[in-house]
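Single-structure report; data block below.
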Amino acid sequence: MLERVKVKVPFFIFAMAVLIVLVIVSKPSLSLNNQSMEEKIKVAVIIGGHDYDKKAFEEMWASFSDFSVEYFNYRVGECKFFDNPPSDKWDVVVFYNMNQQLNRKQQKNFLEYLKQGRKMIFLHHAVSAFPKWEEFPKILGGRYFLEDKTEWEGRTYPRSTYKHDVKVNIKVIEKEHPITKDVGDFEEIDEIYGNYYVSPSVKLLLATEHPESVPALAWINGYLNGEILFIQPGHGPQVFSNPQYRKLIHNAVMWAVKEK
């Protein structure tokens, strides 16, 4: 009986030792996984109000391994994202929406982001993200006119234009800016806009010579303590898979979160 006890005790101790080692080894792995998730840049993307190539758009965002992206889809006329004041849950907010509206409370919460010195990114048709908000064009630094003979700022503007599936040349103006750093000039099939207003005070980043497009394709506009980045290309799907465009978008997010 004593010999049997001697055999069982070492086996029990060995099994416990193996279990302890497994627990110790697994903890750093779990910790590293949690840490990597926490270190990812949290991007909120507001969508809705306009059709787009969902698959190609989301594939582009999924290609950025250092981003954690969540989509907020709102129908025409609403945008509940700004029901509440700014939250640190998101490092940057990206707008890919159109024809949505903000009530006074939501407008106040939107502006609070900029008062805090944050940066926002608007893509393509988000040039008309909030068309009924009179202050929005001043925030964005540009305006797309949805109706002909639009009276604005003491002038009358014709309706802005658009054209699909156009081969457009995209030229980098500010090659050393963090947003356009290492982005080369490129051509791509995309939608172009014409006859839209661009404030003379914006900082131009991208331009084109296409005769049917407004020359300014991307710019930065300062408002309150924050900054707005607008990038006109982004109809897809070709441009979403373009390496230069993806580099541009990645740079833009990194610019928006730096020194937040």
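Per-structure values
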item	result
Phi-based couplings in Hz for the stretch 207-220 (Karplus 6.51, -1.76, 1.60; Gly and Pro marked x)	8, 9, 9, 5, x, 9, 10, 5, x, 6, 10, 7, 7, 10
Mean Cβ count within 10 Å, highest first, over the residues of peptides 121-128, 47-54	121-128, 47-54
DSSP-defined antiparallel bridges as percent of all bridges, the stretch 40-257, nearest 5	55 percent
Kirkwood Rh and Cα Rg combined as Rg/Rh, the stretch 40-257	0.93
For peptides 228-240, 147-159, sequence by mean Cβ density within 10 Å, most packed first	228-240, 147-159
Listed residue pairs exceeding 24 Å between alpha carbons, taken from LYS40/LYS175; LYS175/LYS203; LYS132/LYS171	LYS40/LYS175; LYS132/LYS171
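The numbers here are math on the coordinates, done by the rules we state, and not lab data. Only a predicted model underlies this, so the values are computations on that prediction, with no experimental measurement involved. Glycine also receives a Cβ, built like all others from the backbone with ideal geometry; neighbour counts cover every protein chain displayed.
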